[in-house]
1. If we count other beta carbons within 10 Å of each Cβ, what is the order of A:R339, A:R286, fewest first?
2. Taking 28 Å as the cut-off for C-alpha to C-alpha distance, list the pairs among A:K369/A:K422; B:K113/B:K247; B:K200/B:K383; A:K400/B:K112; B:K324/B:K368 that go past it.
3. Taking the number of other C-beta atoms within 10 Å as the exposure measure, put B:F348, B:F274 in order starting with the fewest.
4. If you line up the long axis of helix B:416-425 against the longest principal axis of chain B, both from Cα atoms, how many degrees apart are they, to the nearest 10?
5. Which order do B:D158, A:D74 fall in if you start with the one that has the fewest other Cβ atoms within 10 Å?
6. Tell me what chain A gives for mean residue ellipticity at 222 nm when only DSSP H runs of n ≥ 4 count, each as -39,500 (n - 2.57), the sum divided by the residue total, rounded to 500 deg cm²/dmol.
7. Using alpha carbon centroids, what distance separates region A:97-151 and region A:272-296, in Å?
8. Nearest 10 degrees is fine. How inclined is helix B:157-176 to the longest principal axis of chain B, computing both from alpha carbons?
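Each value in this text was obtained by applying a stated rule to the coordinates, not by laboratory testing. Everything quoted here is computed from the prediction, not taken from an experiment. Note that each Cβ is placed from the backbone with ideal geometry, even for glycine, and that neighbours are counted across all protein chains shown.
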Amino acid sequence: MPKFMERLTLLAIVALTLLGAPSLAADDASTTGQLSTAVVEFHLANGLQVVLIPDHRAPVVTHSIWYKVGATDDPPNSHGLAHFLEHMMFKGTDAYPAGVFSRIVSRIGGVQNAATTADHTFFYQMVPKAHLAQMMEMEADRMVNLRMNESDVVSERTVILQERRATVDDNYSRRLFIKAYEALYAGHPNNTDLIGSPEEILSYSRDDALAFYHQHYAPGNAVLVVAGDVTEAELRELAENTYGHVPAKAVSPERPILRPLQPVTEHRVSITDGHLVTPGVFMIFRVPGVNQMELREGVALSILAEILGSDTGRLRQKLVLSGIARDVAADFDTGFTGRFALGANAAANVDLAQVETALAGSIAELREKGITQDELDLERADFLAGVIMQADFQMALASKYGTALVLNQPVGFIEQWIGEIKYVTVGDINAAARKYLVEDMKVTAEGWPAAATGAPAPAASAVK
Amino acid sequence: MAQVNFGRKLSNMMPGFAGLSRMTALVALLSTMLAGLAAPAEAARIQRVVSPGGIVAWLIESHTLPLIRITLAFKGGSSQDPPDKPGVANFAEWMMNEGAGDMNTAEFFRAKKLIGASEARQMTAERQIVSFSMLSEHRDASLELLRQMLVAPRFDADAMARARAAIANSIEALHRNPASNILNELFKVMFPGHPYGVEKQGTQTSVAAISVEDLQNYRHAAYARDNLSVAVVGDIDAATLGIPLDKVFGGLPAHAELRPLPVLASSPPEQKTFADDVKQTNVAFGYVIDTPLTAEDMPGVSILNHILSGGILTSRLDREIRVKRGLVYSIGFVIARTPKNQYAYGSFGAEPASAEQAYQLAREEIRKLAEEGPTAEEIQNAKTYLQGSYVVALSNSAGLASELLELQRFGYDLDAIDSYAAHVEAVTPEQLRKLARQILRPDALSRIVVGPPETAGAAGVTTPTAVK
């Protein structure tokens, strides 16, 4: 998929529940009656939630820790601090000085990485099973014992500037989405790139980073998800002997933080970039997040995105096969806030206005006439096949659980989601489309090639 | 740091809200899968299966999950393009996904989706690779789709037009994005007059002229039974596999007709700079390795590669250029081997003012490793890395299938997976010092720089043109 069609999950940004729905954290063992017999869930006394997904096909484990802190928790005027802290987590403790953690993982042949999103920060290693204990010990250690040298703070700030140059400045797709988010999320932490501005990046101090760390990194604010060749008995013992020694600590303020959403400030944004060959247009709808939507509605929007944007979907039929677009996409991206987006890149010598008309027409037709049973059946089959295919990958399984649990969903949630896929109806999907794909919540984002042919065309405001 | 993204769109799996009042009965699907994974491991061993018709496949049985992955490769690739018509193989690869048999593009997509079959394709200068995944439940129907893909593509006029336009757009996009195109530009100067140095998508002119006949010529020449490697991992046993192999591949021509790939020769280093409207400078650098590498050399090559560039934050390049000095966000260097050729290349992005310094540091690290060799500690750490990471990489059926294909490509034995650790262990420091001198050649480096106009050097500056 071309860069311009980069999925919105790159910019998945936490928002705050409007309604303060009750947390569904499964802190009661009796809820495990709903779980698959294979998946195990328990809590340590210090509040750490632990999930085990056994996979004994190979002597390998995937060890991941998910912290309930992300870009949405950045202090005002210090955007990107959560992401900066993710980098600094590799800069050492007394027991494992800077670089030692990564060296150990490398030496044993592990795969390792970390990432920050709006909702969460996570760290993982995929290692031969014999090394799980050491991974847990080191990860538990840096959960509470992180030290930071001033010189590491300074050099890592410049590394992040490099990262920003590479992933934001020279990435027209991401810049366009940020503009759309500024309009969708005015006055809200979602309205800026999670990496922070260059000025903010250069202003991070050791004190600020440590304060943020002590505020958010605590066992009761984290989920440990382990997938792989380990038994429940083994994992319980390992967890007690490592993470179990981390003192409980209250996290304040509690997440998600309530912040109101303002009306969308602008309904059309655009950028121009010399790297584009043909223009493209996205429509991004702001939709409620997990705490404000029924499970059934979330599933409905998820399937709707496929009905629109997949290789068998409506947009391909209407825009690609007809020759007006060279590719199309649709995506439902959700966390504490949500977005439903669709878009297309114009084919050569096609007016962008024509592409936008076709996209808007697809939405209108959807709202008016709805979907067919055949469309639903096809995407349902695809989804269910995907469940099987993804079971092959420990990281995919760990991510499914990790991303749900950091949003305070119960561990049985994943299976509930699949259940809803089986039972969702045409009526459910039609209702979700009418309810959530509304003009008031929409921003149209245009990307134009630079003025090889003169000044870029003004925004295609003639289109409905 | 990058976010991991596996398998199908994760957004399909993103949670909505668990409405407490709408608890539905559990669906057995995920439970069944997870229960299977929790069962004790089966012994994984490679079986060499020969079908009644003589098709050879390497098989690893795994009956835990109800899925089968087939990865196959035909030798050929873009190196087979007529010299005056680059882009034929790439076009043919595209058309593999535009309908087959009596199903047009849309119908074929639908047919795959209905039964949970999926495919991915990759084309290089030397090979066409197809990875095909299917559910056990729909095995025979899925294999029939694979068969049609291989032997009965359609070349419908509207699909051809669509492919032509998309490829033309892709070529233009590369020309407007010299940073994205940097490796192609590097390979042009590293491999002059050799198929590796030719942009596999072709040119605007050549793509406009490619005909169905061109595509058929390539297919008939390359998609043949004596040119085929097959790897199968999953829920099928050796006794059952034979008949399906003949069904899928039996209709292919018996013999390929390929132009042999020339052996690379190193050429004098060149430098080129491109100016572009970017905030970061990208640099790519590389050279041809004249010393032929054998299978016996490869554990040592892997050790040296890891020491120089493999360990995140711990390799020589990462340590000196990212960790110590913060000059780059990522830097990589790869020593690549194909059955006949070997070469090395690397790249990084840096602040424009630091790009030159970062490059010189990289060159210096390559030189140091070539002249001094690795330390005992580095060697030990690299060995344990390779042994451990091999096990990790083979923890899913896609990784296994891919490895089975590579083992066949380079002529390894059936016990290669089991004997890998021992081969790595057996490499000596003397072997590594000798290998390092042979394959690490900092003075042979050619370099491509893509940066903002104000930092582009006076000589050799090229501004990308709109259309070629």
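1. Ranking A:R339, A:R286 by Cβ neighbours within 10 Å, fewest first, gives A:R286, A:R339.
2. With Cα atoms farther than 28 Å apart: B:K200/B:K383.
3. B:F274, B:F348
4. 20
5. B:D158, A:D74
6. Taken over chain A, the calculation gives -11500 deg cm²/dmol.
7. First find each Cα centre; the distance between them is then 33 Å.
8. It works out to around 20 degrees.
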